[in-house]
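The block underneath contains the structure these notes are about, expressed in structure tokens.
The values are calculated or read from the model by the stated rules, or taken from the named source; none is laboratory data. Every value quoted in this text rests on a predicted model; they were computed, and no experiment measured them. Note that we place each Cβ from the backbone using ideal geometry, even for glycine, and neighbour counts take in every protein chain shown.
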Amino acid sequence: MLKVHFVAGTRAGRVVWLLEELGLEYEVNSMPFTKDGLKSSEHRARHSLGRVPVLEDGDISLYESGAIIDYILERHINGGLKPSVDADEFPLYLQWFHYCEGMVMPPMNQIVVQKFLLPPERRDPNALRQAENLLTKSLAPINETLEGKDYLVGDFSAADIMLGHACFMANRNGCVTDEMLNIKAYIKNIESRPAFVKAINMQ
């Protein structure tokens, strides 16, 4: 059975969301977001940096949420939840799938560090402002492409699991402006999916 090493409020939620959407059986090892949990020798044996998610599938151990999602789609449902390689939508699917980690998550990581992880005396208002500005710029193309659409590329796909999760987290951290009406509507579509609700509320 698939096993997900998980911490609430992290990218591990993407993996659980996918598994719920697909109806696959899985087990969750839910860990606290603490040094004892993530930096333990036991978990460092799974991921040398002490991060999540980590997926175990028999003798296979894999990390990086995008790689895990691709692996599950190819190994366990033979490529579902994404366009076929010869479909017109396939290039855009790839673009938005990878846009998440390339453009949205780097500034979001900095915002989380500056607002929540660093002690107050070490926080840098300038670094926070720069990250928030960059995140706003990175979200703008998403808002544009969602005009008149429920999801990024045709029907719901794994690109929505990657980038939709990031948009949800950005909104929860107050970084999606009120003017980004298409992203706001997109987040509501995501929040209406039972699989997402289960994943995001998992502790």
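Numbers for the structure displayed
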item	result
Candidate set: segment 118-128, residues that are assigned to a helix (DSSP H, G or I) and aliphatic (A, V, I, L, M); chosen: the one nearest to residue 173 (Cα to Cα)	128
Of all residues in segment 132-169 being charged (D, E, K, R) and within 15 Å of residue 89 (Cβ to Cβ), the one that is surrounded by the fewest Cβ atoms within 10 Å (Cβ to Cβ)	155
Residue 92, sole failed condition from (1) among the hydrophobic types (A, V, I, L, M, F, W, C); (2) closer than 21 Å to residue 142 by Cα; (3) modelled with pLDDT under 95	(3)
Residue tally, condition touching a residue at least 60 places away in the same chain (Cβ under 8 Å) and either buried (at least 22 other Cβ atoms within 10 Å of the Cβ) or touching a Leu at 6+ places or on another chain (Cβ under 6 Å) (or both), over segment 170-201	4
Among the candidates 188, 115, 198, residue that is modelled with pLDDT under 95, outside the structural domain of residue 14 (by TED's automatic domain parsing), assigned to a helix (DSSP H, G or I) and closer than 30 Å to residue 30 by Cβ	115
Residue within segment 61-83 that is in contact with a helix residue (DSSP H, G or I) (Cβ under 8 Å, 6 or more places away or on another chain) and either farther than 22 Å from residue 164 by Cβ or among the aromatic types (Phe, Trp, Tyr) (or both) present	no
The lone exception for residue 90 - which of (1) among the aromatic types (Phe, Trp, Tyr); (2) touching a helix residue (DSSP H, G or I) at 6+ places or on another chain (Cβ under 8 Å); (3) surrounded by fewer than 17 Cβ atoms within 10 Å (Cβ to Cβ) it fails	(2)
All positions within segment 59-87 that are touching a residue at least 24 places away in the same chain (Cβ under 8 Å), of a type in the set (A, V, I, L, M, F, W, C) and surrounded by fewer than 16 Cβ atoms within 10 Å (Cβ to Cβ)	77
